[in-house]
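One structure is given here, and the rest of the page talks about it.
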Amino acid sequence: MSGFARRFLRNTGAVAGLMILAAILVVALAAPLLFPDSPWMMVADPLILPFQDGQYPFGTDMLGRDIGAGLAYGARVSLMIGAVSTAVAVLAGIAIGAAAGYHGGWVDDLLMRVTEFFQTIPQLAMAVVLVAILTPSIGSIVAAIAIVSWPPVARLVRGEFLTLREREFVQAAVVIGQHPGRIMLTQILPNAMSPIIITASLMVATAILTESALSFLGLGDRNMMSWGFMIGASRTMLREAPWMSLMPGVAILLTVLAINLIGEGLNDALNPQLRHRGED
Amino acid sequence: MRTMPDHSTSADVAPLLRVRDLTVPLPGGERPYAVRDVSFDIARGEILCIVGESGSGKSISAGAIMGLLPHHLTPERGEILFDGVDLLRLSETEMLARRGRQIGMIFQEPMSALNPTMRIGDQIAEVMAVHGTHPGPARRKRVLDLLDLVGLPDPATLQHVYPFRLSGGQRQRVVIAMALALEPALLIADEPTTALDVTTQAQILALIKRIQARMGMGVMFITHDFGVVADIADRIAVMEKGVLVEQGRATEVLDSPRHPYTRHLIAAVPTGRAVPRGVTVEDAPLLAVRNLIKTYTTSGGPFRPKRVVPAVCDVSFEVRRGEALGIVGESGSGKSTIGKCLLKLQGIDGGEIVFDGQDIAPLSQAAFRPQRRRLQMIFQDPFASLNPRQTVGRILTDGPVAGGEARAEAMARARTLLDLVGLPASALERYPHEFSGGQRQRVGIARALALQPDLIVADESVSALDVSVQAQVLALLKDLQKRLGVALVFITHDLRVAAEVCQRIAVMHRGCLVEYGPSAEVLGASREDYTRRLIEAMPGRAWDARRQPASAA
């Protein structure tokens, strides 16, 4: 087993996070098998309490929709949006940060001013505006979340590239005549991957939260059940049927917590300086 | 001046420090013991030099005496008697009272031994405050006395300065002042001059010797450089792989070493004399640098004026095919800047760099890239110059592949290159961290050779290596240069090393070329004061003169 995997698995929190996330992932993938009916379908009496009816262990909402089905289908949306928007944001951030950090000079100035412009606008407010303009759909939500979350990645990658660019092995690559694009991809980027992976893992959690917030505000995709939408829809019934909000809330909490734990574990396993925390 | 302790009668005078059978296990290391059955004495007023390569256990021995071993290393057996008390049996509190007060220590890297956010006067005063000595105004006065003692100019002003304002040599003087603040009976110096320039090193060595004689301290001086040993040691102990293989009076060990390892180390010390060699040198220059100018400009802000620092001013020299030119100077002399300019890793502010008839200075990076193959570089730091995420095979073939060669073809040639630099072919699949410093530097050399260049710039390429490894790498460079007829620009701070390799030497001082000519002339009959100062500062000069006839025979 590699040193990385060993260090990661020694971190109990990270392993717990990994297990929770794996469970959520299994449920999300198996949703059509577990709940063959659409989560929008009214299947039973409204407002069945959780843990009362064996067929609907999570209860039903005010329209008689199965909350369990909602949770399972919501997991698909949350995880998918978290992963895709993070991937887009990380790719954009790497491209912009790498160009700024490697070339320096006016390229760096220009790209960093643009980055700062994006950073001055509150993330959620901008995401709301973007989704409202683009009309809510899964694509616009992914785009909005990616657009608000690439700047930190760009700044991180730029910082890494700035320091790595001065390292002797990069100069050696220049001397042997490698093309700048190749140097960035094969020499510098692999050495900057650890902090990028750590940031990306934590960004997935933020993206899930952002998506929930958007859906809560009614800016979710109308065709897809999502945890945020479930909380938003049941907020009027908060006094009468608190479980309707509580269930998706716990689902968001568990997912975000699991991803954060994994991110922490990755951080400890990839950053040799912090290794003493888990080792003697 | 100094009274030499007489060891034939040392039985009736107890030594200051007596180490007996010190054994420290090395869990999970490449050998079972970090140090094994090490015994030596240090008398009052005596300098004992512990010599060995990195990993020989010399620093572990010092750490055991100070009680500063990393916690996975615990002495298993033996005793360290300091003034009759066994230090290994003392509690941490009892050790604290002795550390600093009775045993002082100087470290290799003066910057990391000083607190960057504290004025140096306060740092020295803190040492006294911790041990509660020199209370009241006496403490300030003592700080000034100490700064004066270590030869720092204007102590009254200097005590208010932060470490970053000082040069490396000045910082090391401050560290020495801190170590001496409480007049310890024993001073442990762990490679205190390795990070310094030759001239600064000579000054620090003289300083340690002067203070030691005045205060009658015992000094344990750890080094890997026999030149330094020859200048400073009363007695010498040689360590190899955790075992003390030889010890004796300085003159005995230096002039008639008994153990083969000692002989091997001594033979590796560069002689500091120009070695005439038969290399065919063409007349037409391969590289001609004319009036090279490079200035660094720090960008000014609205309230800050721009600062212009001339790094290289009006330097001209030539290198012919198959010739080795040494560029020698202290840090800050601009020698590394020249190297970077030659390879266009930095733009220049004036002058020409004519390579094989073409001025490469005005070329754009893209226009110059196809020519890069012919101009290669060997870097200073064998640990930073290889990409830690690439295998050696990848490192050696990236250059040829960038030049349009097929990966498989390049790989086949990489195999022969490894053979050429004395590494096994199995190295291709391994990562840089699996190799020692010397082996990594061989990979660096192979990478430069992979492109079959006409000229190689070697920037301090052996400075980071142990003396014996340095000798091997130098021999390899000399041999390759001779066989392949590559021209070499050898940048170094060490005249001894330059003399070993180069036919001609250029001496740099504050950005200017002060002397330029054939090695024998520059070293033997230098016209410039500065060159003579550099030659004077070469460690072990007197001993070198002694051993010269022997090594020539």
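The values are calculated or read from the model by the stated rules, or taken from the named source; none is laboratory data. Here the structure is a predicted model, which is why all the values come from computation and not from measurement. Methodologically, a virtual Cβ is constructed for each residue, glycine included, from the backbone with ideal geometry; neighbour enumeration extends over all protein chains shown. Areas reflect the complete protein model, heavy atoms only, side chains present, ligands, DNA and RNA absent. Shrake-Rupley method; radii C 1.70, N 1.55, O 1.52, S 1.80 Å.
Worth pointing out:
- Those strands (runs of 3 or more DSSP E) of segment B:233-346 in which 2 or more residues are open to solvent by less than 10 Å² (accessible area, probe 1.4 Å) and either touching a helix residue (DSSP H, G or I) at 6+ places or on another chain (Cβ under 7 Å) or at pLDDT below 85 (or both) occupy B:235-240, B:307-320, B:324-328.
- Hits in segment A:147-186 - residues which are small (Gly, Ala, Ser) and within 30 Å of B:Ala464 (Cβ to Cβ): A:Gly159, A:Ala172, A:Ala173, A:Gly177
- Single condition B:Ala464 does not satisfy, out of (1) open to solvent by less than 10 Å² (accessible area, probe 1.4 Å); (2) in contact (Cβ under 8 Å) with a residue 60 or more places away in the chain; (3) within 14 Å of chain A (Cβ to nearest Cβ); (4) of a type in the set (Gly, Ala, Ser): (1)
- Candidate set: segment B:330-350, residues that are charged (D, E, K, R) and within 14 Å of chain A (Cβ to nearest Cβ); chosen: the one nearest to A:His103 (Cα to Cα): B:Lys344
- Close pairs (6 angstrom Cβ cut-off, 6 or more residues apart or separate chains): more than 17 Å from A:Ala143 (Cβ to Cβ) in segment A:211-239, among the aliphatic types (A, V, I, L, M) and assigned to a loop (DSSP other than H, G, I, E, B) anywhere: A:Met237/A:Met62
- Selected residue (only one of B:Ala97, B:Ala43 is open to solvent by 40 Å² or more (accessible area, probe 1.4 Å) and not basic (Lys, Arg)): B:Ala97
- Residues (open to solvent by 20 Å² or more (accessible area, probe 1.4 Å) and over 19 Å from the mean Cα position of the chain (by Cα)) located in segment A:232-259: A:Ala233, A:Arg235, A:Thr236, A:Met237, A:Leu238, A:Arg239, A:Glu240, A:Pro242, A:Trp243, A:Leu246, A:Met247
- Inside segment B:476-526, residues that are crowded, with 17+ Cβ neighbours inside 10 Å and assigned to a loop (DSSP other than H, G, I, E, B) make up a count of 7.
- Residue match in segment A:218-230 (condition: in a helix (DSSP H, G or I), over 17 Å from the mean Cα position of the chain (by Cα) and among the aliphatic types (A, V, I, L, M)): yes
- Test: A:Thr199 is part of a helix (DSSP H, G or I), within 14 Å of another protein chain (Cβ to nearest Cβ), open to solvent by 30 Å² or more (accessible area, probe 1.4 Å) and not aliphatic (A, V, I, L, M): no
- Residues in segment B:351-387 that are away from every other protein chain (no Cβ under 12 Å), open to solvent by 20 Å² or more (accessible area, probe 1.4 Å) and farther than 16 Å from A:Gly177 by Cα: B:Gly351, B:Glu352, B:Val354, B:Asp356, B:Gly357, B:Gln358, B:Asp359, B:Ala361, B:Pro362.
- Contact map, segment A:113-134: first residue modelled with pLDDT of 95 or more, second residue among the small types (Gly, Ala, Ser) and assigned to a loop (DSSP other than H, G, I, E, B), Cβ cut-off under 7 Å, separation 6 or more or different chains; the map is empty.
- Taking segment B:210-232 as the range and being touching a helix residue (DSSP H, G or I) at 6+ places or on another chain (Cβ under 6 Å) and over 26 Å from B:Ala471 (Cβ atoms) as the test, only B:Val219 passes.
- Here A:Val175 does not qualify as touching a residue at least 24 places away in the same chain (Cβ under 8 Å) and buried (at least 18 other Cβ atoms within 10 Å of the Cβ).
- Entry remark, segment B:397-409: residues being at the interface with chain A (Cβ under 8 Å from one of its Cβ atoms) and surrounded by 22 or more Cβ atoms within 10 Å (Cβ to Cβ) number 2 in total.
- Of the residues B:Asp37, B:Asp21, B:Asp41, the single one that is assigned to a strand (DSSP E or B) and without any contact (Cβ under 8 Å) to a residue 40 or more places away in the chain is B:Asp41.
- For B:Asp122: the one exception among (1) over 30 Å from B:Arg77 (Cα atoms); (2) modelled with pLDDT under 90: (2)
- Scanning segment A:162-172 for residues that are more than 7 Å from chain B (Cβ to nearest Cβ) and open to solvent by 40 Å² or more (accessible area, probe 1.4 Å) gives A:Leu162, A:Thr163, A:Arg165, A:Glu166.
- In segment B:416-434, the count of residues that are acidic (Asp, Glu) and either within 12 Å of chain A (Cβ to nearest Cβ) or in contact with a helix residue (DSSP H, G or I) (Cβ under 8 Å, 6 or more places away or on another chain) (or both) is one or more.
- Take the conditions (1) at pLDDT below 90; (2) facing another protein chain (nearest Cβ under 9 Å); (3) out of contact with any helix residue (DSSP H, G or I) (no Cβ under 7 Å at 6 or more places or on another chain); B:Arg394 misses just one of them, which is (1).
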